[in-house]
Amino acid sequence: MARAGKPTQSATIIDVAARAGVSAMTVSRVINGRSGVSAETRAAVEKAVAELAYVPNAAARSLVTSAELRIGVLYSNPSAAFMSEFLTGVFEEASIRGARLVLLKGEGGRPPAAEALAKFAATGLSGIILAPPLGESVAVLQALRGVGVPMAAIGAHGVRGATCVRIDDRHAAYEMTRHLLDLGHRRIGFVLGNPDQAASAERMAGFYEAVREVDGVAVQVAQGDFSYASGLAAGEQLLDGPAPPTAVFASNDDMAAAIVSVAHRRQLDVPRQLTVVGFDDTTAAVTLWPPLTTVHQPVRRLAAEALALVASEARAPGGKQRPRRDRILDHSLIQRSSTAAPPGD
């Protein structure tokens, strides 16, 4: 069961594509009056545009007379599923905004080398997008200090000099934990994410906020870093104890998938003997058995929104910068087959 929230910001081309059931490139062709689109598809796109009150970026439709946007994208995330969604959102929105992307990748969640960051900052960028965890990296923020272009940080909290585009991590984790408690679970494991990311602390805070509302809950916590490998280690730790949890809430889908793998290796039935839930709703949530109950974080839309914000600010007359403030998008709880009441209930 998914809980749909009300839109809190202007629609993007990703939203129009989802509503019409087509690709973002098809939406672009319709908006720009290009051929190669059936009458039925064109009508569906035009209907979605009207329903969502989508306004195409005027600058992106007149590139021949406007300066080229060069948007830098910094990323280094151990979750391949998350990065696939993130990069898809960035590429699709960039194609509509007429932006050229300049990519710089770090490895394993670590920032690129200082020399690479310095060269990146000096390439004449119009704006910068930071994928987690780099939006909260001291080394990255120091290297970009003084660049003087609009920046957006995905999934970050309170980054000085950048607009943070995220969901309400704390409330999302609270809702998922309440779901586990409502199923009857009183021994619950929680797997933390990267300790250097504020989202990890927010999700843990939401977890404990829900737990404190119910008496008699035994909590076990294991440290992860959002990678599958860390989820395997956390799963072994949680399930090795004398009174292992009947439910495990992992801070992202990659770690949750690893917990399911550990359970299978121990011949534990998921969900009859162990409930497992995740966070993000990436492809990892639906490519294993059983499919994961998880928090839907609209990663693709977060990325598209970040690029739209940076592009719009970069094209603002006189380079006028807007006040920095968080953009919080809606999340939802997606219930699949990995949850059940605890054994014996």
Worksheet item: How many residues are within 27 Å of the chain's Cα centre (by Cα) and either at pLDDT below 60 or buried (at least 16 other Cβ atoms within 10 Å of the Cβ) (or both) if we restrict to segment 33-58?
Response: 7
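State whether one or more residues within segment 219-231 are in contact with a Lys or Arg (Cβ under 9 Å, 6 or more places away or on another chain) and modelled with pLDDT of 95 or more.
yes
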Practice prompt. Output the qualifying pairs, or none if there are none: Cβ atoms under 7 angstrom, residues six or more apart or on different chains, first residue in segment 118-136 and more than 18 Å from A304 (Cβ to Cβ), second residue among the small types (G, A, S) and not in a loop (DSSP other than H, G, I, E, B).
Written response: A118/A143; F120/G72; A121/A143; L125/G72; E136/A198
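Among the residues of segment 245-269, how many are in a loop (DSSP other than H, G, I, E, B) and surrounded by fewer than 22 Cβ atoms within 10 Å (Cβ to Cβ)? Write out each step before concluding.
At the first step, the residues of segment 245-269 found to be in a loop (DSSP other than H, G, I, E, B) are 245-246, 251-252, 266-269.
If we keep only those that are surrounded by fewer than 22 Cβ atoms within 10 Å (Cβ to Cβ) as well, we get 266-269.
Final tally of qualifying residues: 4.
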Worksheet item: Name the residues in segment 109-149 that are touching an Asp or Glu at 6+ places or on another chain (Cβ under 9 Å) and more than 18 Å from A198 (Cα to Cα), would you?
Response: S126, G127, V149
Worksheet item: Could you list, in sequence order, the residues of segment 271-284 that are buried (at least 17 other Cβ atoms within 10 Å of the Cβ), out of contact with any His (no Cβ under 7 Å at 6 or more places or on another chain) and in a loop (DSSP other than H, G, I, E, B)?
Response: P271, L274, T282
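Quick check on my filter: what residues within segment 205-243 are assigned to a loop (DSSP other than H, G, I, E, B) and closer than 23 Å to A172 by Cβ? Explain how you work it out, then say what you get.
Of segment 205-243, the ones assigned to a loop (DSSP other than H, G, I, E, B) are 212-217, 224-227, 240-243.
R212, E213, V214, V217, G224, D225, F226, S227, listed by residue number.
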Practice prompt. Looking at (1) hydrophobic (A, V, I, L, M, F, W, C); (2) at pLDDT 75 or above; (3) outside the structural domain of L307 (by TED's automatic domain parsing), find the lone condition where M25 falls short.
Written response: (2)
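The values are calculated or read from the model by the stated rules, or taken from the named source; none is laboratory data. Given the structure is predicted, the values throughout are model-derived calculations rather than measurements. With ideal geometry, Cβ positions are generated from the backbone for all residues, glycine too; neighbour counts draw on all protein chains shown.
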